[in-house]
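A quick write-up on the structure given underneath.
The values are calculated or read from the model by the stated rules, or taken from the named source; none is laboratory data. Keep in mind the model is a prediction, meaning the values are calculated, not measured. Cβ: placed from backbone, ideal geometry, glycine included. Neighbour counts: every protein chain shown. The protein model used for the area step is the full one, side chains on, heavy atoms only, and it has no ligands, DNA or RNA in it. Shrake-Rupley method; radii C 1.70, N 1.55, O 1.52, S 1.80 Å.
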Amino acid sequence: MDDTRRKFLKKAGYASLGISCALPLLDAKLLAMSEETGTHEAAAKKQLAMVIDIKKCQNKQLVDAAANACHTVHNVPTITDAKGNINKEEEVKWIWTEKFANTFPEQVHARLERSILDEDVVVLCNHCSRPPCVRVCPTQATWKRDTDGIVMMDMHRCIGCRYCMAACPYGARSFNWNEPRKFLEKGRGIVGEYPTRTKGVVEKCTFCADRLSDGLEPACVEAANKVPGGKDALVFGDLSDPNSKVNLILNKKHTICRKVGLGTGPNIYYII
Amino acid sequence: MLEHAFKGSKNYWLLLGFWGIIIAMGAGAYAVQLRDGLTITGMSRDVSWGFYISQFTFMVGVAASAVMVVLPYYLHDHKAFAKTVILGEFVAVPAVLTCMLFIFVDMGQPARVLNVILHPTLHSVMFWDMSVLMGYLVLNLLIGTITLDCERKGKHYPHWLKFFIYLSIPWAVSIHTVTAFLYAGLEGRPFWMTAILAPRFLASAFATGPSLLIILAVIVRKISKFDPGEKAIRTLATIVTYSMLINLFFFLVEAFTSIYSDMPHHLHAFEYMFVGLHENGVTYDVLVPWMRAGMVFSFITGFLMLFPGIRWNLKVVPYVCVFIICGTWIEKGLGLVITGFIPSTLGHITEYVPTAPELMVTFGIYAIGAFVLTVLYKIIIGVRERRAGYGADAQ
């Protein structure tokens with residue numbers, strides 16, 4: 001028995017030797033990864049982004065118009081309970097508002113003006129440069145599109161494990177706890193071409209990938225611009241293009257992002 | 001060998017029937033969930049994982065703890081475990097099975113679950129978790145059945161099996177480590193994102209699993225002629241004692257960093273678990289009595305196990321073990337997953353309480369585990385008793 005144990009330990013020794021030989025390779029890979037995510041390369045790659053003007057978005061009519069446009073175009077149901085009230089626990093939403101304090105917890109201090117704390121801030125998927133949801137998804141049902149940096153979502157591949165919801169630091173993902181079509185039929189009905197979902201899958205904002213391919217702007221941006229005083233409240237564009245509208249604003253105005261400390265590289269910018 | 005599973009006393013069939021009834025109830029509740037969706041559970045947008053994933057996490061620990069009998073026996077030639085080792089391996093089999101079932105019932109689209117294999121995703125910890133769990137199930141089935149079959153035939157197990165036995169040791173560590181990594185790698189959840197999570201998981205697992213083994217060994221001793229041996233049970237009790245103390249130490253380490261650093265994100269989780277959170281005049285504290293009870297169980301049992309008079313007293317130690325399991329279950333099967341979601345990433349506090357159908361599905365899965373365990377243990381007892389009987393005949 002002792003003999004076999006010695007043999008085992010010997011083999012284990014060889015194995016660890018093998019692993020330590022492989023470590024330099026791993027090192028090289030990690031180095032490559034860190035370079036990949038560096039700022040230089042990111043700038044060259046196409047990355048769609050949005051700049052949101054928080055002050056302009058204090059107009060409730062504008063925000064409602066944007067959210068309505070999005071949710072109508074994408075057949076996002078309004079989930080209600082038996083009494084017809086909004087079921088907050090099972091809500092599905094792609095774009096909505098949160099209080100400033102909840103959106104930017106790191107920017108809040110005890111002396112911050114009350115009116116700012118209570119400001120409603122438009123929130124949606126950040127289409128992160130290093131999205132945690134993509135990293136954790138076991139089926140690649142959510143992935144980062146190379147061509148424009150959109151974090152895409154395939155509701156037909158999603159198995160509904162909700163790992164992405166645990167991983168997303170922004171609460172941007174919704175799960176269909178219930179049969180969504182049931183609520184669509186009760187509400188505004190099924191509109192247009194966008195496919196409805198089945199129960200048991202996760203969904204979120206896709207930057208209107210479908211509309212973009214038709215040469216249109218995202219539905220929320222289009223709707224917000226139509227509201228009086230809503231011009232440029234939501235601005236959409238490509239970060240890799242130095243002359244894009246988003247870059248022109250980013251170069252001029254003081255903007256912030258949500259939870260930058262986590263390293264996810266959010267691509268929704270806020271003018272404070 | 002399997003024939004032992006098909007003939008047994010009235011009590012054996014009654015026990016299987018009892019598990020069967022619970023399984024049927026669980027299946028009924030699951031059918032409702034399949035029809036209506038996960039809306040029938042208490043989970044929500046904010047607390048998107050609940051009881052199922054919690055139970056999965058807890059049972060991975062029970063499964064991994066087989067290594068606590070395999071390692072001393074095969075690596076250190078601890079002879080007292082000669083008859084216990086199979087008990088550990090045959091706990092691991094139903095434990096992994098329940099783990100997989102808990103994951104399965106948590107899926108929103110269970111019919112698509114094979115997508116995990118069809119689109120293997122190396123950067124997803126969940127893919128690795130599935131792989132190591134599958135592997136562990138196969139390893140334990142293979143090792144357990146072959147060693148028991150060889151024992152039945154009165155010969156030594158084949159030499160090639162040794163490789164798989166050794167492999168199963170780091171593999172057991174891997175299943176719980178990878179399960180901890182599911183949580184510990186999420187930057188958005190400060191409560192989980194701690195390096196101590198995997199060591200803590202292992203320590204609590206090595207306290208829980210051997211505790212269960214002690215209880216099972218004492219039961220087997222009582223109801224059959226097969227005696228796993230007092231020495232083996234004592235060694236298990238020593239293992240439980242060390243693991244429990246290490247587990248408590250790890251908990252204190254974690255609590256210290258969170259509480260002493262006084263960083264709100266880390267503090268909130270502990271506040272939620274042990275005193276409750278307050279917001280706009282509302283108190284959120286459903287977990288508090290549970291977590292406090294769990295802590296009392298864990299610290300008192302940890303203390304009691306220090307005394308050889310208790311630890312090695314076969315009449316007392318199984319009861320202590322019951323409370324050890326309760327304590328670690330509350331910690332891992334209740335507090336750990338849910339608290340990670342409270343408050344949510346958007347700072348909202350949504351509490352979670354499992355619903356009746358959700359609990360029924362959970363009990364159903366545990367009953368499947370218990371059913372398989374009963375059958376496997378019946379086979380072990382059958383083989384052992386018969387061998388003992390043959391020995392007597394020969395003389």
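Straight-distance candidates among the lysines for linking to residue A:199, with alpha-carbon spacing under 18 Å and chain neighbours fewer than 8 residues away dropped: A:88, A:93, A:182, A:186.
Of the trypsin sites (Lys or Arg not before Pro) found in segment B:167-264, the ones in coil according to DSSP and having at most 14 other Cβ atoms within 10 Å of their Cβ are B:225.
What separates the Cα centres of segment A:193-227 and segment B:111-175 is a distance of 45 Å. The mean number of partner chain beta-carbon atoms within 10 angstrom of a residue's beta-carbon across peptide B:261-270 is 0.
The order of the peptides B:6-17, B:201-212 by mean Cβ neighbours within 10 Å, most packed first, is B:201-212, B:6-17.
Which of the lysines could a cross-linker span from residue B:225 if the Cα-Cα distance has to be under 16 Å and same-chain partners fewer than 8 positions apart are dropped? Partners found: B:83, B:378.
Compute the Cα gyration tensor for segment B:1-90, then decide on rounded, prolate or oblate, letting a ≥ b ≥ c be the square roots of its eigenvalues: rounded whenever a/c is under 1.5, prolate when a/b is larger than b/c in the other cases, and oblate in all that remain.
Details: a/c = 4.47, a/b = 1.47, b/c = 3.05.
It comes out oblate by the Cα gyration axes.
A P(r) calculated from all alpha carbon pairs of segment A:52-97, with 10 Å bins opening at zero, reads 25, 45, 27, 3 percent.
For segment A:204-272, the ratio of Cα radius of gyration to the globular rule of thumb 2.2 N^0.38 Å stands at 1.18. For the protein assembly as shown, the Kirkwood radius over C-alpha pairs fed into Stokes-Einstein at 37 °C and 0.692 mPa s yields D = 120 µm² per second.
Put a plus charge on the Cβ of each Lys and Arg, a minus charge on the Cβ of each Asp and Glu, and nothing anywhere else: the dipole of the protein assembly as shown about its Cα centre is then about 1860 debye.
Counted over segment B:3-388 with a bin width of 10 Å, the fraction of Cα pairs per bin, in whole percents, is 5, 22, 32, 26, 12, 3, 0, 0. Per-peptide packing, taken as the mean over residues of other Cβ atoms within 10 Å, places B:325-337, B:113-125, B:374-386 in the sequence B:325-337, B:374-386, B:113-125 from highest down. Taking a ≥ b ≥ c as the square roots of the eigenvalues of the alpha carbon gyration tensor, segment B:215-343 is prolate, as a/c is not under 1.5 and a/b beats b/c. Taking A:153, B:100, B:193 and ordering them by how much accessible surface each has at a 1.4 Å probe, largest first, produces B:193, B:100, A:153. Of the solvent-accessible surface of segment A:119-252, computed with a 1.4 Å probe over protein heavy atoms with every protein chain present, carbon and sulfur atoms account for 52 percent. Solvent exposure of the protein assembly as shown amounts to 44 Å² per residue of accessible area, where only protein heavy atoms count and the probe is 1.4 Å. From its DSSP helices (H runs of at least four residues, each -39,500 (n - 2.57)), chain B gives a residue-normalised ellipticity at 222 nm of -23500 deg cm²/dmol.
In this structure, residue A:101 and residue B:255 have a Cβ-Cβ separation that, at R0 = 30 Å, corresponds to a calculated FRET efficiency of about 0.65. When the scattering of chain A is computed by the Debye formula from its Cα atoms alone, each counted once and equally, what is log10 I(q)/I(0) at q = 0.14, 0.17 Å⁻¹? Relative scattering, expressed as log10 I(q)/I(0), comes to -1.04, -1.49. Between A and B, roughly 4100 Å² of accessible area is buried in total, ligands, DNA and RNA not counted and the probe set to 1.4 Å. Convex hull volume of the C-alpha atoms in segment B:292-381, normalised per residue: 141 Å³. Each Lys and Arg contributes +1 and each Asp and Glu -1, all at the Cβ; summed about the Cα centre of segment B:60-167, the dipole is approximately 320 debye.
Against the longest principal axis of chain B, how steep is helix B:51-64, in degrees 0 to 90 to the nearest 10, with axes from Cα atoms? That works out to roughly 40 degrees.
Relative intensity of segment B:183-267 on a log10 scale, I(q)/I(0) at q = 0.14, 0.15, 0.21, 0.24 Å⁻¹, equals -0.60, -0.65, -0.92, -1.07, per a Debye sum over C-alpha point scatterers of equal strength in the absence of solvent.
Assuming R0 = 60 Å, what is the FRET efficiency of residue B:222 and residue A:191, from their Cβ-Cβ distance, to the nearest 0.05? Don't jump to the answer; show the numbers that get you there.
Numbers: r = 67 Å, r/R0 = 1.12.
For R0 = 60 Å, the calculated efficiency reads 0.35.
Can you pull the mean other chain C-beta count within 10 Å for peptide A:83-94? Taking the mean over all residues of the peptide, I get 2. With each label modelled as a point 7 angstrom along the Cα→C-beta vector, the residue A:257-residue B:387 pair spans 6.3 nm. For the segment B:114-125, counting C-beta atoms of other chains within 10 Å of every residue's C-beta and taking the mean gives 5.
First compute the accessible area of chain B with a 1.4 Å probe, then give the percent of it belonging to carbon and sulfur atoms. Percent of accessible area from carbon and sulfur atoms in chain B: 73. Here segment A:46-271 is treated with +1 on each Lys and Arg Cβ and -1 on each Asp and Glu Cβ, and its dipole about the Cα centre works out to around 340 debye. Distance from the alpha carbon centroid of segment B:212-259 to that of segment B:276-305 works out to 23 angstrom.
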